[in-house]
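The values are calculated or read from the model by the stated rules, or taken from the named source; none is laboratory data. Source: prediction; values computed, not measured. Every residue, glycine as well, gets a Cβ built from its backbone with ideal geometry; the counts of neighbours run over all protein chains shown. Note: accessible area is taken over every heavy atom of the protein model, side chains too, but ligands, DNA and RNA are not part of it. Shrake-Rupley method; radii C 1.70, N 1.55, O 1.52, S 1.80 Å.
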Amino acid sequence: MTKFFKFFIAATLLMFAACSDDNNEVPPAKTSLTLHINMPISVEQPQLKQLDAVFTEVTSGQTTHAKEFTAAGEGSYTLTTPLKAGTYNLAVNGVVSYTLNGATQESYIESSREGITVTEGQTNEVRIESSISTLSSDDFVIEEIFFTGTLTPEGKQYYGDQYVKITNNTDRTLYADGLILMDSEFLTVSKYDYTPNIMNEYFTISNTLIIPGSGKEYPVAPGESIVIADTAVDHREYNSRSMDLSKADFEYYNPRDDEDIDNPDVPNMISSSLGEDMMWTFHNRGFKSYAIGRFGEGVTAESFARDNFYTAEYKMVVPDYGTFPMSTDAWKFPNAWITDAVNLSIEELFAWIVTSPTLDSGWSYCGKVDRDQTRYGKSVIRKRVNMADGRTLLKDTNNSTVDFAPESTPSLM
């Protein structure tokens, strides 16, 4: 018994020693960054009321929020936040009060900066200019994207119940005729130096779907929405965990797919002229970005496909094998024709946004890691804001990180 007791004591001490070593691990060193924010010069007597500065570490995708700020002279504010050494992208959103025609008004402000370097042991400072952000565009916006699909009671993936909800975010009637839904050719989880680099002027797209109509066949009242379904049927008949999309406004029907179902009571979206192999699908992990817009004056689907086709070249690095020249064929859609865009990704693999920041400077998600099993049956939904005149509008600051509520319950479920 004495030998056993001594052995037990020795083992216990060794265990505590091991635990002590774990607890004494040195955490990654942190330094700090001071952010100087200048208020918009377009308004009088601006006073910052609320702020959220989101630092996204480029390599890991991890985010740090900083919200405490101090006044630093007329029209300027500062905040200091601890950060690990590295490279960060910054998105700033806040609320500012100001004077307009003798009355106090409030509005959102925004700003962004990419490639901020934070170096350990040095004084890290960044100065940015902010601008007044419109809460709503003067057109349709994407209110919701349900891209994840659902699981059956047996735990199998179920396809076909994805949808997009598009909303009239103005105070007048709009017509959905000719509105185009498009997805990105580039992925938000794979960053390459594409040549030519046209992102500041164009959105590089893979597929498009066009709402039919001659111009005024599909009116949408202020605040009302239209639903574009992948397949407009009552999916609960096939999967009890899904939803009824039989009353959708439009659907995508592929006559070359023997398994696709055409609901005769729901108008079909027009498949564009981007090639016979075009097949619309939602990426159920959210690696793509989506946008809506219209062709420019005098442009048809046929002329667009002919005049805007291009080839993007890039280099793919394969560890232990080398670098290989690659190319991808796609179409370039002018940013000026786009009314709204939403980037989607996941935290674990996020690499970049694939739109110009003027269209969307952030991204939203369902699922935080690749192939996250918790993502099914979840949606990204745009937030709502209460206006001073009593109206409720969809928040649209061109930053999906702050405009959308990720991992939400689908509105049609």
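Observations
- Residue match in the stretch 313-321 (condition: within 20 Å of Ala291 (Cβ to Cβ), of a type outside the set (S, T, N, Q) and modelled with pLDDT of 90 or more): no
- For the condition within 23 Å of Gln122 (Cα to Cα), assigned to a strand (DSSP E or B), of a type outside the set (Lys, Arg) and touching a strand residue (DSSP E or B) at 6+ places or on another chain (Cβ under 8 Å), Tyr98 does not qualify.
- Among the strands (runs of 3 or more DSSP E) confined to the stretch 309-413, the ones with at least 3 residues that are of a type in the set (Phe, Trp, Tyr) are located at 309-318, 322-334.
- When Thr231 is tested against (1) assigned to a loop (DSSP other than H, G, I, E, B); (2) out of contact with any strand residue (DSSP E or B) (no Cβ under 7 Å at 6 or more places or on another chain), exactly one condition is not met: (2).
- Every test in (1) assigned to a strand (DSSP E or B); (2) open to solvent by less than 50 Å² (accessible area, probe 1.4 Å); (3) of a type in the set (Phe, Trp, Tyr); (4) over 23 Å from Glu114 (Cβ atoms) is passed by Phe304 save one, and that test is (1).
- The set of residues in the stretch 284-313 being polar (S, T, N, Q) and over 25 Å from Met326 (Cα atoms) consists of Asn284, Thr300, Ser303.
- For the stretch 77-110, the set of residues classified as open to solvent by 40 Å² or more (accessible area, probe 1.4 Å), in contact (Cβ under 8 Å) with a residue 40 or more places away in the chain and over 20 Å from Ile132 (Cβ atoms) consists of Thr80, Pro82, Lys84, Ala85, listed by residue number.
- When Gly215, Gly223 are checked against the criterion of being loosely packed, with under 13 Cβ neighbours inside 10 Å and at positive phi, a single residue qualifies: Gly215.
- The residue pairs whose first member lies in the stretch 330-351 and is without any contact (Cβ under 8 Å) to a residue 60 or more places away in the chain, whose second member is in a loop (DSSP other than H, G, I, E, B) and open to solvent by less than 20 Å² (accessible area, probe 1.4 Å), and whose beta carbons are closer than 9 Å, counting only pairs six or more residues apart or on different chains, are Ala336/Gly296; Trp337/Gly296.
- Selection within the stretch 126-164 - open to solvent by 30 Å² or more (accessible area, probe 1.4 Å) and modelled with pLDDT of 95 or more: Leu151, Pro153, Glu154, Gly155, Lys156, Gln157, Tyr158
- Asp257 open to solvent by 70 Å² or more (accessible area, probe 1.4 Å) and over 16 Å from Asp177 (Cα atoms): no
One line per residue, one yes/no per condition, for (1) of a type in the set (A, V, I, L, M, F, W, C); (2) at negative phi:
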{"position": "Leu349", "(1), (2)": "yes, yes"}
{"position": "Ser356", "(1), (2)": "no, yes"}
{"position": "Ser361", "(1), (2)": "no, yes"}
{"position": "Lys368", "(1), (2)": "no, yes"}
{"position": "Thr374", "(1), (2)": "no, yes"}
{"position": "Thr392", "(1), (2)": "no, yes"}
{"position": "Asn398", "(1), (2)": "no, no"}
{"position": "Pro406", "(1), (2)": "no, yes"}
{"position": "Met413", "(1), (2)": "yes, yes"}
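- Within the stretch 284-301, tally of residues that are open to solvent by less than 20 Å² (accessible area, probe 1.4 Å) and assigned to a loop (DSSP other than H, G, I, E, B): 3
For every residue, the table says whether it meets (1) touching a helix residue (DSSP H, G or I) at 6+ places or on another chain (Cβ under 6 Å); (2) small (Gly, Ala, Ser); (3) within 20 Å of Tyr159 (Cα to Cα); (4) crowded, with 22+ Cβ neighbours inside 10 Å.
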{"residue": "Leu349", "(1), (2), (3), (4)": "no, no, no, no"}
{"residue": "Ser356", "(1), (2), (3), (4)": "yes, yes, no, no"}
{"residue": "Trp363", "(1), (2), (3), (4)": "yes, no, no, yes"}
{"residue": "Cys366", "(1), (2), (3), (4)": "no, no, yes, yes"}
{"residue": "Asp370", "(1), (2), (3), (4)": "no, no, yes, no"}
{"residue": "Lys395", "(1), (2), (3), (4)": "yes, no, no, no"}
{"residue": "Asn399", "(1), (2), (3), (4)": "no, no, no, yes"}
{"residue": "Phe404", "(1), (2), (3), (4)": "no, no, no, yes"}
{"residue": "Ser411", "(1), (2), (3), (4)": "no, yes, yes, no"}
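- Some residue of the stretch 340-355 being polar (S, T, N, Q) and farther than 19 Å from Ala91 by Cβ: no
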